[in-house]
Structures are given as structure tokens and as C-alpha cells.
């Protein structure tokens, strides 16, 4: 609801401002740079999401400047009058161009910021998952150490099996350490940490 109210109110404000500037421009002699205030209308267009409003206002203001040239009271030298009108039109279109570039830059900055926030969130989720998995696995390894201690009490248990058991626990601990050391959270990096090529 508010998104529709804002553009309508801004459009009405812009149209009112253009009308006031146009009426004043028609009252001023031609030698006065009456077209420059139209820049305010173009600056209002920065509040719109769509850049077409800025272009539309700039076209309208340009037409009003040209109409003002024909209907304003005569005054001043023709070359100065033409120079003032051309400078006003140039100022309007320079403002529009810079405004559109500024809006594009702002959009790119917001996109980059959004991507960075998503990456940070992904990293935090991964790290939280890793800490939980490490906690669970460390508890399991500690319980297996108790099993190993019980196994060592039985002399008839195979030493080769016990060595194999030690190697499995050591490998599990090493792989967990490598997995928790991954900084760049990408699927390939995670897989490569536990399955090196």
C-alpha cells in the first residue's frame, strides 16, 4: 500500500513543481536562466525505483524549456538566450545521467552486500554444524577409548585388531581436524578435505 502511495505523491509533487517552474519561466524575460530549477524535478526522481521516471521527467522538462523559449517575453541577446537554454538542458541531462549511474552503483552495492551476508550466513551454519558434529564425534571417540581400555585388559585379543582400531581412531581424528579447518565453504573444498585427490 505504501509503495503505491509514494510514487503517486512524488509524481504529483513533480508535476506541481514542473508547473510552477514553467509558469515562472513564462513570466521571466528570455535572458534569465529559467530552466535550471527543473533540476529539482529530476532530483526528486531519485526516490523512484524505476529509472524511467527520471528519463520521463527529463524529457518533459526539456520540452517545457523549449516551450518556454518560444512563449517567454523577449529580452536579452539571442545567443545568450540560446546558451542559457542549452546549458539548462545540458544540466538536466547531466543530472539524469549521474543520477542513473548512482542508482546502478547503489543497486550493485546492495547486491554485493546481500551476497556477502548470504555467504557469511552459510559459513556460520557450516561452522555450527561442524562444531556439533565434532562434539558428537569426540564423545564417540572417547567412548571408543573406553572400549579400547577394556579390550587391552584381555590378553587373548588380537594385537593386529587393536592396532587397526588405533589407526581408525587416529584417522577419524585427523579427518575431523581437516574438515573443521576448511575456511572457504564450498562443496569441492569440503569433499577434498576428507577425500584428498
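Condition check for residue 93 on (1) surrounded by 15 or more Cβ atoms within 10 Å (Cβ to Cβ); (2) closer than 30 Å to residue 110 by Cα; (3) at pLDDT below 90: one failure, at (3). For the condition under 30 Å from residue 40 (Cα atoms) and loosely packed, with under 13 Cβ neighbours inside 10 Å, residue 110 qualifies.
In region 111-153, which residues are touching a residue at least 12 places away in the same chain (Cβ under 8 Å) and farther than 25 Å from residue 185 by Cα? Result: 141, 144, 145, 148, 151. I'm checking my understanding of the structure. Among residues of region 57-75 that are touching a helix residue (DSSP H, G or I) at 6+ places or on another chain (Cβ under 8 Å) and farther than 15 Å from residue 24 by Cβ, which one is surrounded by the fewest Cβ atoms within 10 Å (Cβ to Cβ)? So, considering only residues that are touching a helix residue (DSSP H, G or I) at 6+ places or on another chain (Cβ under 8 Å) and farther than 15 Å from residue 24 by Cβ, the one surrounded by the fewest Cβ atoms within 10 Å (Cβ to Cβ) is 66. Which residues, counting only those in region 32-71, are without any contact (Cβ under 8 Å) to a residue 40 or more places away in the chain and assigned to a loop (DSSP other than H, G, I, E, B)? Hits for region 32-71 are 37, 49, 50. When we screen 130, 191, 149 for residues that are surrounded by fewer than 10 Cβ atoms within 10 Å (Cβ to Cβ) and assigned to a helix (DSSP H, G or I), the only hit is 149.
The values are calculated or read from the model by the stated rules, or taken from the named source; none is laboratory data. Remember, predicted model here, so these are calculated numbers, not experimental data. All Cβ positions, glycine included, derive from the backbone under ideal geometry; neighbour counts span all protein chains shown.
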